[in-house]
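Input: a single structure, listed below in structure tokens.
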Amino acid sequence: MDEAPSTHPSLLIRLRDPADEPAWFEFIKIYGPLVRRLALWRGLQEADAEDLAQEVFRAVARAIERYDPDPDRGSFRGWLSRIARNLIINLLAGIWATPPFLHNGAVLNLYELLSPVAERSKTFNLGTTLFDPVKVGYDPTPIPGGFELDTALPGNSNLGHEFRDLTVEELKTVPEIGRFDPLNLHKATIDAFSVPRIKRDHPFKGVIGPAFSSDERYDLIEYLKSM
């Protein structure tokens, strides 16, 4: 966030009122792109960067009352940068450690994380710590006092980080690829991902590798258990 603009002190005072929507709109307009840029630079995907920005602004809303504007204690943008970096570190450090997965907890278990998005649970129940050692996740059986996570709600997206084979038509839309073998889509998909960078606005930017068979997913899970 080295190129972040300065923030007027009056805006910081107004941010202490969570009901001051114009102030928050102005703040998000200024700092939203910068937070997302920092997240992308640290390796997050576009959808994750968007969700991370929401988490950063929630953290700011909780902590703004305690922010000390004394210049000797550092700038506001430095304070905001530390919040963003700490959230990114927590996200990256815990992504394989505890279910449910992805930074927003929108994927039930490791098996589904290694699956195409179309095969992931759209909703599942949370609240229990009963562990599923086969697929590595929590048992989603409903319990009293639990709740249902709906991945269609804002902030709960389970898209991205996807392993699936691209179709012939999809491969044709990647401008960097001039050749592919329509008789071997798996090989074509691997060829596609030898391209250094797929544009962020491409419709399958969240696909990170070819599809795994069910057996391959379970083999990978057994390997991850050993780490």
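The values are calculated or read from the model by the stated rules, or taken from the named source; none is laboratory data. Keep in mind that what you see is a predicted model, and the values were worked out from it rather than measured. All Cβ positions, glycine included, derive from the backbone under ideal geometry; neighbour counts span all protein chains shown.
A few notes on this one:
- Residues satisfying the stated conditions in the range 46-75, i.e. at pLDDT 80 or above and either outside the structural domain of residue 17 (by TED's automatic domain parsing) or of a type in the set (Asp, Glu) (or both): 50, 51, 55, 65
- All positions within the range 44-73 that are within 20 Å of residue 10 (Cα to Cα), without any contact (Cβ under 8 Å) to a residue 24 or more places away in the chain and among the acidic types (Asp, Glu): 68, 70, 72
- Condition met for residue 87 (in contact with a helix residue (DSSP H, G or I) (Cβ under 9 Å, 6 or more places away or on another chain), surrounded by fewer than 20 Cβ atoms within 10 Å (Cβ to Cβ) and at pLDDT below 90): yes
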